[in-house]
Amino acid sequence: MIYENKDQLKKGCESILAYDGGNVRVLDEARFQEELIDDLIYTVVFSSDPAIQEAAGFLIRRGAATLGIMSASIQSLYEAMGRKEISGFTVPAINIRGITYHVAQAVFRAAIKGKVGPVIFEIARSEIGYTKQRPLEYACSVMAAAIKSGWRGPIFLQGDHFQINAKKFAANAEEETQKVKDLIREAIKVGFYNIDIDTSTLVDLSQPTIKDQQRTNFTLAAELTTLIRDLEPEGITVSVGGEIGEVGGKNSTVDELQIFMDGYQEELKKRGEVFKGISKISVQTGTTHGGVPLADGTVAKVKIDFDVLQKLSETSRSQYGLSGAVQHGASTLPDEAFDRFPATGTAEIHLATGFQNMIYDSKSFPAELRAKIYDHLKAEMKGEWKEKDTEEQFIYKTRKKGLGPFKRELWYLPADVRNKICAELERQFAFLFDKLKVNGTRPFLDQFIKPVDVPLKMTTALKG
């Protein structure tokens, strides 16, 4: 059920939740988990009344906190990795672009079975647009999935590629920077306590020295870090990521890492306080976001330079105390590549397009809906169809942009169809957790992460 007014929402919560001010009490945990949570998250996503959407989101977030499910920063665990107190695993960061509530449940089920500790749920600035998921909706979808699946403990929500657009920055640097700052504010407010700054798009390889090439990158990264430190709630140190090489560009080097970090730290000191810096560094080692589609729509095999990845991870830890390097654009890599990441000391790996592909390509996905989405893309995105691309290549590159316009149809897939698709995804999550060596890491989560319960003001729609 989607609640469209205050009376419906209050009636739906009767005998299940009680709320007073900023507090929510769960009166019937079984009914909250089995019945009400579905109605609340569908209300957040699809209600026509913004006030009721906000109220349902409040109930999800405060109800989750009552059960010990809280948004957290991964900072303390990454600091332990930087001190080399823990090692041997790579943290998966998963971007969910479609049917987020249901796919997140598949992640949690696989994590619970594998006794997995750190798993990050993230969404990029670009994805927020084309999947039509603002940070509050994404946060509530993940929180609701945790409640539904029985997860207890911290949840890591991450702003992925909070990126400066180079062309827009060149046209109006202040305006483009302000848009990223506004997004950071929006995300932290709803529990994104992990933010990946991406100013690597501003690296200028035409400059004569590496420092000149990286100058705008590290200067603006320091400026955005300072803003994050000003915004983070009391008791929480937001985990901030930086980036030295734009994914899809040339491979990163140790010299670039060192010059970026030295310049970044120098810029932070100029701001007059002892600001904590980044906890990890994203690098380029040979991948491309989404993979490279061939003429028949399959994805070309990519060779990652694991030697570079290992050197950058080790340098970042030994010289700067970071958790290590971050690998982007990895979900479309061959299965045999994934166990190499823990072996080379990679701190974090970002996984997105492969899961989107599994949804679209599943035998259970309705053929009629797939055709409808593809027809929409050919009609609405034809300006993005490059002359050299086959139809299969065009569809592969653009089908991510069908997820937002068809969000309602995807969320309302028949339960048996949705369950089959999510079962396939759950098996893939379990496979990746095994390869990335995060099975059995739950004790690290309990040891190093102490979530802070950040209070919320009760929304107007629940008063009276």
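Just to verify a result, which residue in the stretch 407-429, among those that are under 26 Å from residue 338 (Cα atoms) and among the charged types (D, E, K, R), is surrounded by the fewest Cβ atoms within 10 Å (Cβ to Cβ)?
Selected residue: 427.
If a residue has to be over 18 Å from the mean Cα position of the chain (by Cα) and among the polar types (S, T, N, Q) to count, how many in the stretch 226-240 make the cut?
1
Quick check on my filter: what residues within the stretch 329-362 are surrounded by fewer than 20 Cβ atoms within 10 Å (Cβ to Cβ), in contact (Cβ under 8 Å) with a residue 40 or more places away in the chain and either in contact with a Cys (Cβ under 7 Å, 6 or more places away or on another chain) or over 22 Å from residue 196 (Cα atoms) (or both)?
Once the filter is applied, which keeps residues that are surrounded by fewer than 20 Cβ atoms within 10 Å (Cβ to Cβ), in contact (Cβ under 8 Å) with a residue 40 or more places away in the chain and either in contact with a Cys (Cβ under 7 Å, 6 or more places away or on another chain) or over 22 Å from residue 196 (Cα atoms) (or both), the stretch 329-362 yields 335, 339, 358, 362.
Mind checking whether some residue in the stretch 210-222 is under 18 Å from the mean Cα position of the chain (by Cα), of a type in the set (A, V, I, L, M) and within 16 Å of residue 282 (Cβ to Cβ)?
Step one: filter the stretch 210-222 for residues under 18 Å from the mean Cα position of the chain (by Cα), giving none.
No, every residue in the stretch 210-222 fails to be under 18 Å from the mean Cα position of the chain (by Cα), of a type in the set (A, V, I, L, M) and within 16 Å of residue 282 (Cβ to Cβ).
From the residues in the stretch 323-353 that are of a type in the set (A, V, I, L, M, F, W, C) and closer than 17 Å to residue 280 by Cβ, which one is modelled with the lowest pLDDT? Spell out how you get there, then give the answer.
Quick first cut of the stretch 323-353, residues of a type in the set (A, V, I, L, M, F, W, C) only: 325-326, 330, 333, 337-338, 341, 343, 347, 349, 351-352.
Now restrict to residues that are closer than 17 Å to residue 280 by Cβ: 325-326, 330, 341, 347, 349, 351.
Working: 325: 95, 326: 95, 330: 78, 341: 94, 347: 97, 349: 96, 351: 94.
The residue in question is 330.
Sort out which residues of the stretch 138-151 are under 13 Å from the mean Cα position of the chain (by Cα) and surrounded by fewer than 22 Cβ atoms within 10 Å (Cβ to Cβ), and write them in order of number.
none
Consider the stretch 166-191. How many of its residues are within 23 Å of residue 138 (Cα to Cα) and either touching a Ser or Thr at 6+ places or on another chain (Cβ under 7 Å) or not assigned by TED's automatic domain parsing to the domain that holds residue 201 (or both)?
1
Determine whether the stretch 19-39 contains at least one residue that is acidic (Asp, Glu) and within 20 Å of residue 154 (Cβ to Cβ). Don't jump to the end; show me each part of the working.
Pass one, the stretch 19-39, residues acidic (Asp, Glu): 20, 28-29, 34-35, 38-39.
Cutting the leftovers down to within 20 Å of residue 154 (Cβ to Cβ) gives us 29.
Yes, there is a match, as at least one residue in the stretch 19-39 is acidic (Asp, Glu) and within 20 Å of residue 154 (Cβ to Cβ).
Do we find that residue 212 is assigned by TED's automatic domain parsing to the domain that holds residue 183, part of a helix (DSSP H, G or I) and closer than 24 Å to residue 449 by Cβ in this structure?
Values: assigned by TED's automatic domain parsing to the domain that holds residue 183: yes; part of a helix (DSSP H, G or I): yes; closer than 24 Å to residue 449 by Cβ: no.
No, not satisfied.
May I ask you to verify whether residue 136 is closer than 20 Å to residue 193 by Cα, touching a Gly at 6+ places or on another chain (Cβ under 7 Å) and not in a helix (DSSP H, G or I)?
Numbers: closer than 20 Å to residue 193 by Cα: yes; touching a Gly at 6+ places or on another chain (Cβ under 7 Å): yes; not in a helix (DSSP H, G or I): no.
So residue 136 fails the test.
Looking only at the stretch 111-133, count how many residues are surrounded by fewer than 24 Cβ atoms within 10 Å (Cβ to Cβ) and assigned to a helix (DSSP H, G or I).
8
Suppose we filter 108, 89 for residues that are over 11 Å from the mean Cα position of the chain (by Cα), hydrophobic (A, V, I, L, M, F, W, C) and in a helix (DSSP H, G or I); which single one remains?
Details: 89 fails: in a helix (DSSP H, G or I).
Just one listed residue meets the conditions, 108.
What's the total number of residues in the stretch 76-86 that are over 13 Å from residue 348 (Cβ atoms) and in contact (Cβ under 8 Å) with a residue 12 or more places away in the chain? Spell out the reasoning first.
Applying the first criterion (over 13 Å from residue 348 (Cβ atoms)) to the stretch 76-86 yields 76, 79-80, 83-86.
Add one more test, that the residue is in contact (Cβ under 8 Å) with a residue 12 or more places away in the chain, and what stays is 76, 79-80, 83-84, 86.
Of the residues in that region, 6 qualify.
Does at least one position in the stretch 101-108 carry a residue that is crowded, with 20+ Cβ neighbours inside 10 Å, touching a Phe, Trp or Tyr at 6+ places or on another chain (Cβ under 9 Å), at pLDDT 95 or above and among the aromatic types (Phe, Trp, Tyr)?
Looking through the stretch 101-108, at least one residue is crowded, with 20+ Cβ neighbours inside 10 Å, touching a Phe, Trp or Tyr at 6+ places or on another chain (Cβ under 9 Å), at pLDDT 95 or above and among the aromatic types (Phe, Trp, Tyr).
Of 61, 134, 97, which residue is closer than 16 Å to residue 351 by Cβ and among the basic types (Lys, Arg)? Give the derivation first.
Details: 61 fails: closer than 16 Å to residue 351 by Cβ; 134 fails: closer than 16 Å to residue 351 by Cβ.
The match here is 97.
Can you tell me which residue in the stretch 255-284 is farthest from residue 205 (Cα to Cα), limited to those that are among the charged types (D, E, K, R) and assigned to a loop (DSSP other than H, G, I, E, B)? Quick ask: steps written out before the conclusion?
Of the stretch 255-284, the ones among the charged types (D, E, K, R) are 255-256, 262, 266-267, 269-271, 273, 276, 280.
From what's left, assigned to a loop (DSSP other than H, G, I, E, B): 271, 273, 276.
Details: 271: 27, 273: 31, 276: 28 Å.
Per the stated criteria, the residue is 273.
Please report, ordered by residue number, the strands (runs of 3 or more DSSP E) entirely within the stretch 1-85 with at least 3 residues that are in contact with a helix residue (DSSP H, G or I) (Cβ under 8 Å, 6 or more places away or on another chain).
On the way: elements: 17-20, 23-26, 69-71.
Strands (runs of 3 or more DSSP E) meeting the threshold: 23-26, 69-71.
In the stretch 424-459, what count of residues is obtained for those that are part of a helix (DSSP H, G or I), basic (Lys, Arg) and more than 30 Å from residue 365 (Cα to Cα)? Outline the logic, then answer.
Residues of the stretch 424-459 that are part of a helix (DSSP H, G or I), as a first pass: 424-435, 442-448.
Adding the requirement that they be basic (Lys, Arg) leaves 427, 435, 442.
Imposing the further condition that a residue be more than 30 Å from residue 365 (Cα to Cα) reduces the set to 442.
Of the residues in the stretch 424-459, 1 are part of a helix (DSSP H, G or I), basic (Lys, Arg) and more than 30 Å from residue 365 (Cα to Cα).
Could you grab me the full set of residues in the stretch 102-119 that are of a type outside the set (S, T, N, Q) and farther than 21 Å from residue 195 by Cα?
102, 103, 106, 108, 109, 110, 111, 112, 113, 114, 115, 116, listed by residue number.
Considering every residue within the stretch 60-79, establish whether at least one is in contact with a Gly (Cβ under 6 Å, 6 or more places away or on another chain) and modelled with pLDDT of 95 or more.
Applying the first criterion (in contact with a Gly (Cβ under 6 Å, 6 or more places away or on another chain)) to the stretch 60-79 yields 71.
Narrowing further to those that are modelled with pLDDT of 95 or more: 71.
Scanning the stretch 60-79 turns up at least one residue that is in contact with a Gly (Cβ under 6 Å, 6 or more places away or on another chain) and modelled with pLDDT of 95 or more.
Considering the stretch 45-87 alone, what residues qualify as being among the hydroxyl-bearing types (Ser, Thr, Tyr), within 30 Å of residue 9 (Cα to Cα) and buried (at least 24 other Cβ atoms within 10 Å of the Cβ)?
The initial filter retains those residues of the stretch 45-87 that are among the hydroxyl-bearing types (Ser, Thr, Tyr), namely 47-48, 66, 71, 73, 76, 78, 87.
Then drop every residue that is not within 30 Å of residue 9 (Cα to Cα), which leaves 47-48, 66, 71.
Within the stretch 45-87, just 71 meets the criteria.
The values are calculated or read from the model by the stated rules, or taken from the named source; none is laboratory data. Because the structure is predicted, anything quoted here is derived from the model rather than measured. Backbone-built Cβ (ideal geometry, glycine too); neighbour counts: all protein chains shown.
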